[in-house]
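Remarks on the structure that follows.
Where a number appears in this text, it was derived from the coordinates with a stated rule and is not lab data. Owing to the predicted nature of the structure, the values given are computational and were not obtained by experimental measurement. Don't worry about glycine lacking a Cβ; one is built from the backbone with ideal geometry, like all the others, and counts go over all protein chains shown.
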Amino acid sequence: MQALVPFLAVAMLAAGCAGHHRHDGPSARAQLEATRGNTTSGSVMFHQHSDAVMVHARISGLKAHQEHGFHVHEKGDCSSGDGMSTGGHFNPLGKGHGHHGGADKHAGDLPSLKADADGKVDVRFRVAGITIGSGATDIVGKGLIVHAQPDDYTTQPTGNAGARIACAVIAAAGR
């Protein structure tokens, strides 16, 4: 049995490494802070992978079992206390608001967040149409907003997602 323990440890380590994804492109991060009167906070990591960005969001203080709109906004400014200083959705290509998976959408249209029973989210997803560190669709320096309500994906130009309950500025991440 003692000879088996080191073998199992090596096998588990190898299995863990096989599931690990390397992020060779640029990355960015955002530290969400609650807007005035709210409790939502968390961290979001962005990693460029060729023509798409991988996003990993860990957020708490959401309404349990509810969807919340989630968008990149045009200005990296959370100074207003209510998130309104971030302006509208990031839309450098002049498209209509839509579902994050659709072809006709703002660059800043992200998937809605679905909170668990504890009001938390730990989710990973892929977003096409944004970049990190270069080009017209670069999200570095832009605002990141969590909304109180779900995005309906049709109301122009906002998705009718309600109040802004958390705000962050997306910053380039060091390697």
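Using the Cβ-Cβ distance between residue 118 and residue 152 with R0 = 30 Å, the FRET efficiency computed as 1/(1 + (r/R0)^6) comes to roughly 0.75. Tell me which label goes with the value of Rg and Dmax of the Cα atoms in Å computed from the coordinates here: (i) 21.8, 78; (ii) 14.9, 43; (iii) 18.0, 65. Matching entry in (i) 21.8, 78; (ii) 14.9, 43; (iii) 18.0, 65: (iii).
State to the nearest 20 debye the size of the charge dipole of the chain about its Cα centre, where the only charges are +1 on K and R beta carbons and -1 on D and E beta carbons.
For the chain, the charge dipole is close to 280 debye.
Length gained on full extension, residue 136 to residue 36: 32.9 nm, using 0.36 nm per residue less the C-alpha separation. When each of 72, 121 is scored by the number of other beta-carbon atoms lying within 10 Å, the sequence from fewest to most is 121, 72.
Our note on the geometry: Cα centres of segment 103-131 and segment 36-63, 8 Å apart. Each of 122, 109 has some number of other Cβ atoms within 10 Å of its Cβ, and from fewest to most they run 122, 109. The relative contact order of segment 76-165, computed from alpha carbon pairs under 8 Å that lie at least 6 residues apart in sequence, is 29 percent.
Remark: spin-label model distance residue 93-residue 80 equals 2.6 nm, labels positioned 7 Å along the Cα→Cβ axis. In sequence order, segment 53-69 has phi-based couplings of 10, 8, 10, 10, 10, 10, 9, 10, x, 8, 6, 4, 6, 10, 8, 10, x Hz under the Karplus curve 6.51 cos²θ - 1.76 cosθ + 1.60, θ = phi - 60°, and Gly or Pro positions carry x. In summary, the lysines within cross-link reach of residue 75, defined as a Cα separation below 22 angstrom excluding same-chain residues under 8 places away, comprise 95, 105, 142.
To the nearest ten degrees, helix 4-18 and the longest principal axis of the Cα atoms of the chain are 30 degrees apart. Listing 113, 144 from fewest to most neighbouring C-beta atoms within 10 Å gives 113, 144.
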